Amino acid sequence: MAIIKTAILQTHVYTDKFRNITQAAELLASPELQGIDLAVLPEMFCCPYENKYFPEYAEPERGDTWEKCSRLAAEYGIYLVAGSMPERDEAGNIYNTSYVFDRNGHQSGKHRKMHLFDIDVKGGQYFKESDTLTPGDQVTVFDTEFGKMGLCICYDFRFPELARLMVDEGAQVIIVPAAFNMTTGPLHWELMFRQRAVDNQVYTIGAAPARDLNAGYQSWGHSIAADPWGKVLMEMEEKPDVKVVKLDLDEVKKVREQLPLLKHRRGDIYALTTFSL
Ligand SMILES: NC(=O)CC(=O)C(=O)O
């Protein structure tokens, strides 16, 4: 039986970058989180989610924030999906990047947001990540002692092809540091985590920043975990919160045996291939 004790941290995002890391460290030290296997932080957990901040807060891989997250994973002997943070590469490009650390603090995964969040909803949310960010181009699946997990960031999860590619690579859990907003969150957030779970027969985990009414971008919050039947195991409200959920990978096996959607695909008729528009 493979049960993964997973903590989802819906943290407040401070403008002081290192206060965000201290906050994560304090939460990981709390008695309720002892004995967990995996912790997941939100999208841009250490940088306010606004274009003007991304270049200012960006660090190279193995920078200070990376280092502190690696140490936290090793100190608590957990897998840590370190939400996401702005990453600057040698050429000066900035990415929205999620690093994963194993129980020894070694980097075991890295995902650069592939689909940049450029939307303009009349009377609602406007955002243009492409003003400052460069998209990644890799599908990300990482290994754990429990099996493979997929990783993508927020807007990436809207693209069903990407989740399916992770599942085809063996993912039984899909982890999504994310920050939906007050326009899209109410209707799409829970629906999407449940739908991807049902379609792919996986656990889905969304970790969002807590809502801050003084911030330039209002996060929907509502960090969530859904099981492979599409049932919501846990959903937070908008305030800072931490919850532990148990992911039982036998459930993935059972659902896939009893309702064999993945086996019943007609690969002879349709194929998911990379395409250009
Ligand atoms: N912030 C995002 O990347 C995505 C989002 O808010 C949405 O898809 O809605």
Note to self: Taking the solvent-accessible surface of protein heavy atoms with a 1.4 Å probe, what is the per residue accessible area of region 142-199 in Å²?
What the structure shows: 35 Å²
Checklist line | Segment residue 191-residue 120, length gained on full extension (0.36 nm per residue, minus Cα span) | finding: 23.5 nm
Next item on the list: Quickly work out the residue 231-to-residue 214 label distance, labels modelled 7 Å from Cα along the C-beta direction, and quote it in nm with one decimal.
Entry: 4.1 nm
Note to self: Calculate the FRET efficiency for residue 2 and residue 137 from the Cβ-Cβ distance with a Förster distance of 30 Å, rounded to the nearest 0.05.
What the structure shows: 0.45
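Leaving out ligands and nucleic acids, note down the accessible area per residue over region 5-132 with a 1.4 angstrom probe, in whole Å².
On the way: 5220 Å² over 128 residues.
Per-residue value: 41 Å².
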Note to self: Within the chain, what whole-number % of the accessible surface is contributed by carbon and sulfur, with the 1.4 Å probe and all protein chains included in the calculation?
What the structure shows: 50 percent
Margin query: Mean-square fluctuation check for the chain, GNM, Cα pairs under 10 Å: which of 153, 94, 205 is largest?
Written below: 94
Check: In angstroms, what radius of gyration and Dmax does the chain have, counting Cα atoms only?
Finding: 17.6, 53
Item checked: Residue-level accessible surface for residue 5, protein heavy atoms, 1.4 Å, Å² -> 70 Å²
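Among the listed pairs 113/253; 113/246; 110/148; 17/52, which have their C-alpha atoms separated by more than 18 angstrom in this model?
Values: 113/253 29 Å; 113/246 27 Å; 110/148 14 Å; 17/52 14 Å.
Violating the 18 Å limit, Cα to Cα: 113/253; 113/246.
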Item checked: Part-to-part distance (alpha-carbon centres) for region 236-252 and region 103-119, which is given in Å -> 20 Å
Next item on the list: Specify whether the C-alpha gyration tensor of region 199-277 places it in the rounded, prolate or oblate class, a ≥ b ≥ c being the square roots of the eigenvalues: rounded for a/c under 1.5, otherwise prolate if a/b is larger than b/c and oblate if not.
Entry: oblate
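The values are calculated or read from the model by the stated rules, or taken from the named source; none is laboratory data. All values reported here derive from a predicted model rather than from experimental measurement. Glycine also receives a Cβ, built like all others from the backbone with ideal geometry; neighbour counts cover every protein chain displayed. We work out accessible area using only protein heavy atoms, side chains counted, and drop any ligands, DNA or RNA first. Shrake-Rupley method; radii C 1.70, N 1.55, O 1.52, S 1.80 Å.
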